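Every read-out reported here was derived from the displayed coordinates using simple, explicitly stated rules and does not represent laboratory data. Note that the structure is a prediction, hence the values are computed from the model and not measured. Ideal geometry is used to build each Cβ from the backbone, glycine not excepted, and the neighbour counts take in all protein chains shown.
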Amino acid sequence: MDAYLGERLVSKNLKDGLKVFVVPKMDYNKVFAMYSTHYGSVDNEFVVPDTGEQIKVPEGIAHFLEHKMFDMEYGNVFDKFSELGASTNAFTSYNYTTYLFSSTSKFEENLKLLLEFVETPYFTKESVEKERGIIAQELEMYEDEPDWQLLLNLLKCLYHKHPVRIDIGGTLESIQKIDVDTLYKCYNTFYHPSNMVLFVSGCIQPETVFEIVEKSRQAKASPLKAEIKRIYPDEPPTIYKPSHTTYLDTAEPLFLMGFKDIDVGYDGRPLLKKEIATDILLEILLGRSSKSYEKLYEEGLIDDRFSFNYEGQKDYGFCTIGGETPDPERLHKELEQIISDSLSKGISSDDFERVKKKHIGEFIQGFNSLEFISSAFVAYHHKNVNIFDYLNILEEISFEDVTKRLNTFFNLSRHAVSVVMLKESMK
Amino acid sequence: MGNLFKQKALENNINIHIYHTSKFKTINFYLFVHQELKKEIATKTALLPFVLKRGSQNFPTQRSMNLFLENLYGTSTDSDILKRGEVHVLEFYMEIPNPKFIGEENLIEEGLKVFQDVVQNPLTENGSFKKEYVDQEKEILKRNIESLYNDKFNYVIERCIQEMCEGEPFSIYKYGSVEDLQTIDSNNLYSYYNECITTCPMDLFILGDIDENKIEKLIKEMFFIQRKDIKKINTEFSEKIVEKPKYVEEKQDVNQGKLALGFRTNTKYGNSDYYALAVYNSILGGGPYSKLFQNVREKESLAYYAFSKLEKNKGLMLISSGIEFSKKDKALDIIGKQVEDMEKGNISAYEFDSAVKSLVNAFKEAADSPSAIIQSRLDGIINGVDETTDEIVDKLQKVTKDDVVNVAQKIKLDTIFFLNKID
């Protein structure tokens, strides 16, 4: 099997610490580029490198900063991308912030523009003030999205202190405290080249990318190497509380179950290996080919919106299982039963081999999409893994690895549930 | 003229479209069954793909089907329902990893065993669908229809369309209605299935790194169902004269107000001024360069989102925006002003050029995705249009500001829908 699926990954490390990766796909019309910093909403407390000052910043500032990066002294950078016929966007997650463009022409100009705007902070009092209104609307919008509320409440149950329990965008109160000075402090700390990665794929040659990036750096003085010190609170291994129920104006109840991973504190290949083992495990227990899925479906407790996911980061990890259900309480009991049965009976090696094949095929399918390749590469780069190693690591995983993971991860004392119920049932 | 696909009609009137390309890592199969969008049958049409994927003669349960497909390296299959103007389309799809990356030759043949069985060989008992499956899928479809209420973003758009197109087939939700679900049982659904499968137009797409002759032979062998007297699906629409826009307000317990404005464009895909309309929509609300984004969001900070989009098969345009409740009138004023500016031709060179470039970019990007290539060809078939990406780009680049102003005169506001909070 060709592990690289006929694709070429070319990389270059620059003097100032920036890492650049290119996957040329010359038969595509498009170039898709992501410029990403290892800085997300959980990085709320840190040491400012120049002064040594330890600060705690308002919740939601990474996301606020992302919005403000599109401002330049000459105006809005959206306009420039539009003139170049490209589309641009950005998103902030718990752990990183990514800026991107997608374009089918003028690749070089677009790439220069991406580098330029992410490397040029320009914040004014007026523009920060104006952004508060827009972000407040965004936060309100999410308050009307039951799925998002469901996840936020689950994380609030699983974690005592870790900032993953706070909404990425912060709160209506916390964004009031964001000012120009703090935005610059965050920018100068986390938008350092050594904390960033540039990933370009599509209809462009690696040499062209490297040339543009290197030229863009000659213009400025090389920044000093800065060690970033992030401070996270000590998180106990227990869950904060077992359940949370919210009453919203929805059509049907929503249910989400989560398990807290306490096997944390490392990244790199071992982290990816743990993630894949957990994915395989979840698939064996609750996937479309499992007896449990069939039973829950036939009992009308779930439908094909039922899903599960494992999220693994260096400092925390959790899985989520759930979806729409007419009876959250019964679904909860059934899922607890499925987990404890599998703990006592174990899993079958036939299931393991089959699910492994499924994962190989799905990864190959993903390679049709530049968005998939780029997002996966960048997300894993920040976890110190090269996603091109995925198939090799998948091969390495043994039945014993997955069995071991079953017994360590699925501990019912470390699970919590979040439920959204219909508002009228409150009455 | 000419699209990327080689087209052929099988003896049983299934049209096959084959595109050989080594660009992608997978082999893609899409089967579309075209049906009229009509209240009497819409809910049955919507229920069919969900019942069919529950089980077939050779794979009687979903689990047996999934066990088989997972062994084929995660070959994935699914079915859904689409609404393209007033055509209701059943969609069945399968994606198989290219065998050359796996080293297993027979993946395609094995995968197609499931694909064809789901479509033409459903599980039956006593001469009808399995009752249990129909009952379960009715319940799930009911919940699915009701869950639109949770998705306020799409809810306001759908409600606006319902109000605007009251009495027209287009007001029918693609998943049908809870009321009509009650009249469906395993018997009448099975008769309906037989009618659909034998008389509705069918298009089967195959895209990927395949041997064309081999795949054609395989398809002929596998899709053996007898079909004749294929009906013609009408895709014409009648123009509606709007006398006075309708205003509808609904109250729910929500944190954000949402507006949807429905317009009649009186131009659809296939008309000579369609690409002028596409540019019109792009300038008005198609991206960050657009009038709505710049004026509603950026200048006035009134909303997190404000955009417009076309329903190209029916000749409609929808504007939608999430706003503070108290700012509804101000938002409507500003939106109205943007539409007026379009009619008057108050369009800057920046807005015009960005809009054209953004559309060109989107059409070229679509050629990098198997599903986008196929979906766009499906739109072509429905509207009788046959064009390549290069031809589309050429037409877009020839659109002038005058063309846009001309098309603007045909666009009429029909309905305003506002989702308000409970007092």
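Pull out a ≥ b ≥ c, the square roots of the eigenvalues of the alpha-carbon gyration tensor of segment B:122-212, then state rounded if a/c is under 1.5, prolate if not and a/b is larger than b/c, and oblate in the remaining case. Oblate is the answer for segment B:122-212, as a/c is 1.5 or above yet b/c matches or exceeds a/b. Over all other residues within a Cβ to Cβ distance under 13 Å of A:F81, the charged ones net out to -1, with Lys and Arg as +1 and Asp and Glu as -1. Let me have the 222 nm mean residue ellipticity of chain B computed from DSSP H runs of 4+ only, each contributing -39500 (n - 2.57), with the sum over all residues rounded to the nearest 500. It lands at -13000 deg cm²/dmol.
Past 22 Å, Cα to Cα: identify those pairs from B:K113/B:K231; A:K358/B:K113; A:K125/B:K357; B:K131/B:K231, in the order given. Pairs exceeding the cut-off: B:K113/B:K231; A:K125/B:K357; B:K131/B:K231. For the pair B:N188 and A:T408, label points projected 7 Å from Cα toward Cβ lie 5.8 nm apart. Taking a straight Cα-Cα cut-off under 17 Å and skipping sequence neighbours fewer than 8 places away in the same chain, the aspartates and glutamates within cross-link reach of A:K273 are A:D261, A:D263, A:E283, A:E311, A:D315, A:E353, A:E362, A:D389, A:E395, A:E396, A:E400, A:D401. Note on A:350-357: average number of Cβ atoms from other chains within 10 Å of each residue's Cβ is 4.
Counts of other chain beta carbons within 10 angstrom of each beta carbon in peptide A:321-331 average 1. When shorter helices are ignored and each DSSP H run of at least 4 residues is given -39500 (n - 2.57), the per-residue value for chain A at 222 nm works out to -13000 deg cm²/dmol. The alpha-carbon atoms of chain B, seen along their principal axes, cover 61, 48, 40 angstrom, with the largest extent given first. Inter-chain neighbour count for B:360-367: the average number of beta-carbon atoms from partner chains within 10 Å of each residue's beta-carbon is 6. In the structure shown, the pairs B:K83/B:K246; B:K328/B:K395; B:K244/B:K344; B:K25/B:K53 are assessed against 27 Å; a Cα-Cα span above that value is assigned to B:K328/B:K395.
Cross-link check: pairs A:K161/A:K260; B:K251/B:K299; A:K56/A:K177; A:K260/A:K291; A:K156/A:K241; B:K312/B:K412 evaluated at a Cα-Cα cut-off of 20 Å; pairs beyond the cut-off: B:K251/B:K299; A:K260/A:K291. With the convex hull drawn over the C-alpha atoms of chain A, the volume per residue is 154 Å³. Once you reduce segment B:1-42 and segment A:1-57 to the center of their Cα atoms, the two points are 40 Å from each other. Taking a ≥ b ≥ c as the square roots of the Cα gyration tensor eigenvalues, the protein assembly as shown comes out rounded, since a/c falls below 1.5.
The spacing between segment B:208-230 and segment B:147-181, judged by their C-alpha centroids, is 36 Å.
The spacing between segment B:103-123 and segment A:307-361, judged by their C-alpha centroids, is 28 Å.
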